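Worksheet: the structure to be examined is printed underneath.
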Amino acid sequence: MRDVGCSEGDLFSFLSSKRQDDLGYQRILSSMCTPPHPVAVRAHAMFLETNLGDPGLFPGTSALEDLLVERLGSLMHHPDAGGYATSGGTESNIQALRIAKKLKPVNHPNVVMPASGHFSFTKACDMLGLEARTVPLDREFRMDVEMVEDLVDANTIALVGVVGTTEYGMVDPIARLSEIALDRDLFLHVDAAFGGMVVPFLDRPIPFDFRLPGVSSISIDPHKMGMSTIPAGCLLVRDPAWFSSLNVDTPYLTVKRECTLAGTRPGAPVAAAVAVLEYMGRDGMEAVVSGCMENCRRLIEGMETLGYPRAVTPDVNVATFHCKRAPRGWRVSTTRQGHMRIVCMPHVTRDVVEEFLADMCDLNA
């Protein structure tokens, strides 16, 4: 820390230079987040100082968290689901596996998950002492569900499926995983951090939520396609009582037991997430998702016209291509298989897609 503070002008000049290094969000094509909706920004600013780590001190913000859980639970066809606002998919996935481990105490626990699973599961297994058993993917980069039962044994505490994989935007066969979970009496966690705010609004939704009786928990992130401020995630569980297995004593707080992973939990992004859901409604979210999917289809069509075939036809708004480089000034990532990866978030508008395709055309010239 500086001994003497700097002037406000110097401070914001410095911050502006760093902001410029980030480019405009419109040229960031591989993020699963997007600039927050204006109502999210306004709501966030109203709750900046609130801390859900001690909800009794902020009963209004706590009520908003309850409303968020109810809204997302209803979206997942279980309005009475238990849940709380997390920092995002990583925390939600860790907590889900913590619950699964508590519900089935064995000496050498393992988790069966797809090779496409988010790296947060690697963290979770390391922290919780779990063996990760990885199921290969099929030709369309979905979990090869026919290989799942070969990896399940008496020490398996949970199955994991993904709705909207990070790399290829695919949805695992959750309905079949639900059947296996019921047959083998296993906890099934669905990582829908990205796809949870996409698939319910598609023209032909893919079954993945609590309508499937074998689904035990779901992670879903409003700060992705929900257009909330960061960080805003949510963990939902079929039986609210399961959270009691995670409780620790918090004698000096207004609540005397807490199940959450984090202590301090910002209330502002929770208010922002609720604001967007209330403002947009189902019709509004369907329009946003429809636009993103249409832009994804246009991007795929344009790239293939330029000679860059898709790696796979995605289930959600993530496009991948057999392409090794992007035009200067665009920020994109690649998958582990070396495919260019573009996520058609709300800020990746039709104009942005056309500008990118024009630059790709110039790159070929």
Protection proxy (average C-beta count within 10 Å per residue), highest first, orders 91-97, 64-70 as 91-97, 64-70
With every protein chain in place, the accessible area of VAL41 for a 1.4 Å probe, in Å² rounded to the nearest 10, comes to 80
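Quick one: which of LYS102/LYS256; LYS102/LYS224; LYS101/LYS123; LYS123/LYS324 span more than 25 angstrom between C-alpha atoms?
Over 25 Å apart, Cα to Cα: LYS102/LYS224; LYS123/LYS324.
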Any trypsin sites (Lys or Arg not before Pro) in segment 75-147 that lie in a DSSP loop and have at most 13 other Cβ atoms within 10 Å would be ARG139
P(r) of the chain over all Cα-Cα pairs, 10 Å bins starting at 0, rounded to whole percent, reads 5, 23, 30, 25, 13, 3, 0
Over all directions, segment 280-365 yields a Cα convex hull whose mean projected area in nm² is 5.8
Taking every DSSP bridge whose two residues both lie in the chain, the antiparallel percent to the nearest 5 is 55
Residue-ordered couplings for segment 298-312, obtained by feeding phi - 60° into the Karplus form 6.51 cos²θ - 1.76 cosθ + 1.60 and rounding to whole Hz (Gly and Pro as x), are 5, 4, 4, 4, x, 5, 5, 4, 7, x, 10, x, 5, 6, 6
Dividing the mean separation of Cα pairs under 8 Å (6+ apart) by the residue count of segment 238-315 yields a relative contact order in percent of 13
Sites removed, the longest contiguous part of the chain containing no DSSP-loop chymotrypsin sites (Phe, Trp or Tyr not before Pro) with at most 16 other Cβ within 10 Å is 120-251
The set of residues whose placed amide H lies less than 5 Å from the amide H of ALA192, leaving out same-chain residues fewer than 5 positions away, is VAL163, SER219
With DSSP loop assignment and no more than 12 other C-beta atoms within 10 Å, the trypsin sites (Lys or Arg not before Pro) in segment 241-330 are LYS256, LYS324, ARG325, ARG328
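Per DSSP H run of n ≥ 4, the term is -39500 (n - 2.57); total these for the chain, divide by its residue number, and report the mean residue ellipticity at 222 nm rounded to 500 deg cm²/dmol.
Mean residue ellipticity, 222 nm, calculated: -12000 deg cm²/dmol.
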Taking a probe of 1.4 Å and leaving out DNA, RNA and ligands, segment 74-154 shows per residue an accessible area in Å² of 47
Percent antiparallel among DSSP beta bridges confined to segment 145-268, nearest 5, equals 45
Carbon plus sulfur, as percent of the 1.4 Å-probe accessible area of segment 122-255, comes to 52
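The values are calculated or read from the model by the stated rules, or taken from the named source; none is laboratory data. Model, not experiment: these values are computed from the prediction. Positions of Cβ are generated from backbone atoms using ideal geometry, with glycine treated the same way; all protein chains shown enter the neighbour counts. Surface accessibility is based on the protein's heavy atoms, side chains included, excluding ligands, DNA and RNA. Shrake-Rupley method; radii C 1.70, N 1.55, O 1.52, S 1.80 Å.
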